[in-house]
Amino acid sequence: MMNYSQVETELSVEELSEIFRPYSYQERIEKLYEYFDAEDILVTSSFGTKSVFLLHLLSHINPEQKIHFIDTTYHFPETIAYKNQLIQAFDLKVVDVKPEASENALTKEEKWWIEHPKMCCTINKISPLEPIITKHKVWIAGLMAFQTEFRSHLDIFAEQGDIIKFHPFIDIDEGEFLYHLSYHQLPKHPLEALGYGSIGCTHCTQQGEGRSGRWAASGKTECGLHPNYFLRNKV
C-alpha cells in the first residue's frame, strides 16, 4: 500500500491521473483508499440531483466515510427531505457544516444573492469548509465533464491549492450515469420531476435543463467550491 507521503513526493497529479485512468469509476474510488488513509479523504455532498451516484457507491465501498453537507440555510425543504431519505437508505455518516451565524444573517438581511452572489457563496459555502479542508489531503468530487465547460477541462486528479481533488466520474458520459441510476433504482431528488436539472440554494436555482437553472443569466456557473478558491498559500 502506498501512503500519502509517497504520493506527494513521487507522483504528480498528472501521473496519478494516468495510473487511475484505465479503471472504472468504482475501481478508482476503491483504489483511492489504497493510496490515502481514510481519515485523509474528504467527501462533500449538496444532496442535489446528481449526488446519489457517489453516495450510493461510497455506501458500499466505505460505509464509514464521513459525508460533509454544507447547510447554507438556503436549501429547499425538498433537499433536506432528500438528504434525510438518503441517510436512511444508505446509512450515511453525514456531518452538517454551517456558516458563521452573524455573517449568514447579514446575507439574508441584505439579500446578497442579488448584488453579491459570489460573496454570498463565499460566506455560506466556502468559508465554512476551509477549516475542514485543512484536515484532509484529497477531496472526492462527483463532477462529470458533460455538465459544464469548466468541468470538461478537468482530469481525474487536480491540484487545488494545498489539497488534491479527485474526480472519479469525470470522463463518463451522461448515458452511463443515467444507466447506473436506473439499474440500481436509486431515488431521485423530488424537485427533479418538476424540471430542476441542478439544485442549489433557493434564491439562485430555477427550473432548467442540466445546470442552466443555476445562477441563470448571471454568467456564474460554479459556487466556488470546485474552481481554485482553496489556495491557502495565497499571494
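Of the residues Lys137, Lys98, which single one is in contact with a helix residue (DSSP H, G or I) (Cβ under 8 Å, 6 or more places away or on another chain) and within 29 Å of Gly208 (Cα to Cα)?
Working: Lys137 fails: within 29 Å of Gly208 (Cα to Cα).
Just a single option satisfies the conditions, and that option is Lys98.
Could you list, in sequence order, the residues of region 162-180 that are surrounded by fewer than 16 Cβ atoms within 10 Å (Cβ to Cβ) and under 15 Å from Leu57 (Cα atoms)?
Glu176, Leu178, Tyr179
Condition first: over 20 Å from Phe69 (Cα atoms) and in contact (Cβ under 8 Å) with a residue 12 or more places away in the chain. Now tell me which residues in region 170-195 satisfy that. Give the derivation first.
So in region 170-195, the residues over 20 Å from Phe69 (Cα atoms) come out as 170-185, 193-195.
Scanning region 170-195 gives Ile170, Asp171, Ile172, Asp173, Glu174, Phe177, His180, Leu181, His184, Leu194, Gly195.
With the condition kept exactly as written, say whether any residue in region 41-52 is of a type in the set (D, E, K, R), under 28 Å from Phe69 (Cβ atoms) and either at pLDDT below 95 or part of a loop (DSSP other than H, G, I, E, B) (or both). First the steps, then the outcome.
Taking region 41-52 as the starting set, the residues that turn out to be of a type in the set (D, E, K, R) are 50.
From the residues that got through so far, the ones that are under 28 Å from Phe69 (Cβ atoms) too are 50.
So of that shortlist, the ones also either at pLDDT below 95 or part of a loop (DSSP other than H, G, I, E, B) (or both) come out as 50.
Within region 41-52 (the criterion being of a type in the set (D, E, K, R), under 28 Å from Phe69 (Cβ atoms) and either at pLDDT below 95 or part of a loop (DSSP other than H, G, I, E, B) (or both)), the answer is yes, since at least one residue qualifies.
Is it true that some residue in region 94-105 is among the polar types (S, T, N, Q), within 30 Å of Gln206 (Cα to Cα) and either modelled with pLDDT under 95 or within 18 Å of the chain's Cα centre (by Cα) (or both)? Break it down stepwise before answering.
Quick first cut of region 94-105, residues among the polar types (S, T, N, Q) only: 102, 104.
Those left that are additionally within 30 Å of Gln206 (Cα to Cα): 102, 104.
Subset that is either modelled with pLDDT under 95 or within 18 Å of the chain's Cα centre (by Cα) (or both): none.
Checked against the condition, which is being among the polar types (S, T, N, Q), within 30 Å of Gln206 (Cα to Cα) and either modelled with pLDDT under 95 or within 18 Å of the chain's Cα centre (by Cα) (or both), region 94-105 yields no hits at all.
Is region 14-28 home to any residue that is crowded, with 20+ Cβ neighbours inside 10 Å, among the aliphatic types (A, V, I, L, M) and in contact (Cβ under 8 Å) with a residue 24 or more places away in the chain? Talk me through it step by step, then tell me what you get.
Kept after step one, since they are crowded, with 20+ Cβ neighbours inside 10 Å, are these residues of region 14-28: 16, 20, 25, 28.
Now drop any that are not among the aliphatic types (A, V, I, L, M), which leaves 16.
Restricting the remaining residues to those that are in contact (Cβ under 8 Å) with a residue 24 or more places away in the chain gives 16.
Yes, there is a match, as at least one residue in region 14-28 is crowded, with 20+ Cβ neighbours inside 10 Å, among the aliphatic types (A, V, I, L, M) and in contact (Cβ under 8 Å) with a residue 24 or more places away in the chain.
Within region 107-146, take every residue that is within 13 Å of the chain's Cα centre (by Cα) and not in a helix (DSSP H, G or I) and give me the one that is farthest from Val52 (Cα to Cα).
Val138
Identify the single condition in (1) buried (at least 21 other Cβ atoms within 10 Å of the Cβ); (2) basic (Lys, Arg); (3) farther than 17 Å from Leu58 by Cα that Arg151 does not satisfy, given that it satisfies every other one.
Result: Arg151 fails condition (1) only.
Could you please find all residues in region 181-201 being crowded, with 16+ Cβ neighbours inside 10 Å and out of contact with any helix residue (DSSP H, G or I) (no Cβ under 8 Å at 6 or more places or on another chain)?
Glu192, Tyr196, Gly197, Ser198, Gly200
Any residue in region 110-126 that is among the charged types (D, E, K, R), within 17 Å of Trp139 (Cα to Cα) and in contact (Cβ under 8 Å) with a residue 60 or more places away in the chain? Spell out the reasoning first.
Filtering region 110-126 down to residues among the charged types (D, E, K, R) leaves 110-111, 115, 118, 125.
This time we only want the ones that are within 17 Å of Trp139 (Cα to Cα), so: 125.
Still in the list and also in contact (Cβ under 8 Å) with a residue 60 or more places away in the chain: 125.
Within region 110-126, one or more residues are among the charged types (D, E, K, R), within 17 Å of Trp139 (Cα to Cα) and in contact (Cβ under 8 Å) with a residue 60 or more places away in the chain.
So which pairs qualify, if the first residue must be in region 82-101 and assigned to a loop (DSSP other than H, G, I, E, B), the second must be of a type in the set (A, V, I, L, M) and surrounded by 12 or more Cβ atoms within 10 Å (Cβ to Cβ), the Cβ gap must be under 6 Å, and the two must be at least 6 apart or on different chains?
What qualifies is Leu92/Ile67; Pro99/Ile123.
The values are calculated or read from the model by the stated rules, or taken from the named source; none is laboratory data. For clarity, every value in this text was computed on a predicted model and none was experimentally measured. Virtual Cβ from ideal backbone geometry, glycine too; neighbours counted across all protein chains shown.
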